[in-house]
Structure formats: structure tokens, C-alpha cells
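Below you'll find the structure, written out as C-alpha cells, and then a few comments.
The values are calculated or read from the model by the stated rules, or taken from the named source; none is laboratory data. Everything quoted here is computed from the prediction, not taken from an experiment. Methodologically, a virtual Cβ is constructed for each residue, glycine included, from the backbone with ideal geometry; neighbour enumeration extends over all protein chains shown. Just so you know, the surface numbers come from the protein's heavy atoms only, side chains and all, with ligands and any DNA or RNA stripped out. Shrake-Rupley method; radii C 1.70, N 1.55, O 1.52, S 1.80 Å.
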Amino acid sequence: MAKIVAGFGTSHTPAIGAALDLGKKDEPYWAPLFKGYEPAKQWMDEVKPDVVIMVYNDHVNAFDFKIIPTFAIGCADEFGIADEGWGARPVPVVKGYPEFASHLVQSLVLDEFDITIVNDMEVDHGLTVPMSLAFGQPDAWPARVIPLSVNVIQYPAPTGNRCYNLGKAIKKAVESWDEDLKVVIFGTGGMSHQIQHERAGLINKPWDTAFLDDLTANPQRLVEMKPLEYLREAGNEAIELVMWLTMRGALGDDAQEVYRFYHVPASSTGVGHIIIETKDFYEERHGKKAA
Ligand code: DHB
Ligand code: FE
């Protein structure tokens, strides 16, 4: 059967993609950030997932303000790279998995999550920057990707609680697919940032650190957090972090944090990264009991 083995949380700051694409990765501003993602790439290279479920948000590229689905799953064979105004990023086309994606849609809708089916779309920095941070700059991405887009652009975004429960339903959906597949689920966006108006540039490191601490140890606190707290404490765009709760919900209890990285500055964003393995995968991989 298919199994989610781990969660990969990461910010998606577009300037990170630009730094990579323009060959600036070793410059003093960027070098510490990319160094912090080296263990992540190594981890990915060892784990070699067959499929990535990418919980991400579109930034008015695939969906303009005419149609804004709260939750949408990409069921296409492949997804082109969006031109966000400065040309499409020079990264490989993203290969999907239509049969598996359709199965997820069916299971989730029957589980009473209203998922929009998307058969044709392009993906923006919300998806491609996490791919680059996890897999580097290959000629072709080494895993198939199921994009699961969440509206965090136009009020109201779904609550953390709903996103967490969606994660639980995704776990169930994945485990009811017969094929042996190793799946890693991504939670992307955040951490603290506000990119416009008077508080532009706001970063709240203690708040971000507490979020990372509780994501593994005490997700219930985050699940109950009201949307306004994200905005007030960590800036307008911190609401992207609800997507990390979908990832966390899909990992089950007793999941184990195995890597963490936090870095400021990177454009306007507090950049955070975490890898959390499920209890079973942790015990199999490390040959010892999860704490
Ligand atoms: C920035 C961060 C984002 O999440 C985004 O979508 C756009 C810009 C930034 O920090 O510059
Ligand atoms: Fe964003």
C-alpha cells in the first residue's frame, strides 16, 4: 500500500528561487541559507520518495481573482512553470500522477472535504521553490508531484483546524491506495512575514520558534490558533503556515522531528524548515524507538 513516511516543512520565498536560478547561491547573503538546506537535500536523496504531495499556495498565477478554490488538487499529467512577471523559472516541468491524484480527490470528497479538481494548471514559486530546496537543480525532478493548493491569498483562508483534519484525511486516502509508494508530504509557505503596508518586513523569531517547537510536540496549540493571531503576531502572510498543519495532520501521533533550520534574513521572510518522520518510518530508518 502507499504510505506517507515523512513531512517536509519549508518557506517558499521567491527570492530563494531567483538566487538559485541566477547562480547567487554562494554569495554572502545567500550562502548560510543554502547551507542550512544541505542536510535536507541529503535526507531526500536517501529517502527517495516516489511521490510528493505538495501542500502549497498559488499566488494569483494559476487562479486569478475570478476563481479561488479553498482546496484544489492537480490531476494533470504534468504542470508547466508559471511566468510570474520575470519569466518562468528554468526548472524542470512538474510530473503529476493523475490516477493517484484522482483517488485522493475521490477519498477526500467522500470524506466530506470539498476539493476542486484541476486538470490543467501552471505552478508558481509556492511549489517550485520548495522543490528546489528539497531536490536541488536536477534535469528532471526525481519524484512525481501531486499539487494540493490551499487558498491563503484572499480572506477567508481555511482554519488551522480544518487544514489539520484535511491532513488526517489525506493519510487515510493515501493508505487506501494499493500500490507500494513512498510518499513525502510538504507543508509550505511562511514563516513570519508581511510583504506590504506599514508593517512590511515584520519578523517574529520567538513566535516562529514556538511554532516549530509545537508542530511536532504540541500540534493541538497550533490547531486551535485563530487566524487573527497569525496576522497580529507574525504578519499578514504568516497565515501561509496553516498549510504546515495539513502536513502535520498526515503524519499521525508520535511523529519525530529529525531536522530543523531557521534563518533570517531572506527577502521579507523568516525562513523555516523542518523534517518530521512518522513513528514507523523513524523506527525503521534509525533502528530505535521514537522518543
Ligand atoms: C515573499 C514571500 C512570499 O511568501 C511570497 O509569496 C512573496 C514574497 C518575500 O518574502 O519576499
Ligand atoms: Fe507566499
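Of note:
- Residue count, segment 180-215 (criterion: in a helix (DSSP H, G or I) and either within 15 Å of ligand 2 (Cβ to nearest atom) or under 23 Å from Met131 (Cβ atoms) (or both)): 4
- Residue satisfying all of: in segment 246-271; in a loop (DSSP other than H, G, I, E, B) and open to solvent by less than 30 Å² (accessible area, probe 1.4 Å); nearest to ligand 1 (Cβ to nearest atom) among these: Thr269
- The residues listed here are Val55, Val51; of these, the one that is surrounded by 20 or more Cβ atoms within 10 Å (Cβ to Cβ) and within 16 Å of ligand 2 (Cβ to nearest atom) is Val55.
- Residue, surrounded by the most Cβ atoms within 10 Å (Cβ to Cβ), within segment 179-218, restricted to residues that are within 27 Å of Lys48 (Cβ to Cβ), out of contact with any Pro (no Cβ under 8 Å at 6 or more places or on another chain) and of a type outside the set (A, V, I, L, M): Gly187
- Helices (runs of 4 or more DSSP H) wholly inside segment 1-107 containing at least 1 residues that are hydrophobic (A, V, I, L, M, F, W, C), within 16 Å of ligand 1 (Cβ to nearest atom) and more than 24 Å from Arg162 (Cα to Cα): 14-21, 31-36
- Residues that are among the small types (Gly, Ala, Ser) and surrounded by fewer than 18 Cβ atoms within 10 Å (Cβ to Cβ), drawn from segment 117-153: Gly136, Ala140
- Selected residue (criterion: nearest to Leu181 (Cα to Cα)) from residues of segment 272-289 that are over 22 Å from the mean Cα position of the chain (by Cα) and surrounded by 15 or more Cβ atoms within 10 Å (Cβ to Cβ): Arg285
- Segment 20-43 - residue that is of a type in the set (A, V, I, L, M) and within 17 Å of Gly272 (Cα to Cα) and, of those, most open to solvent (accessible area, probe 1.4 Å): Ala31
- Qualifying residues in segment 154-168 (those that are crowded, with 21+ Cβ neighbours inside 10 Å and of a type in the set (Gly, Ala, Ser)) - the one nearest to Lys3 (Cα to Cα): Gly167
- Segment 182-233, subset closer than 20 Å to Pro14 by Cα and polar (S, T, N, Q), residue modelled with the lowest pLDDT: Gln196
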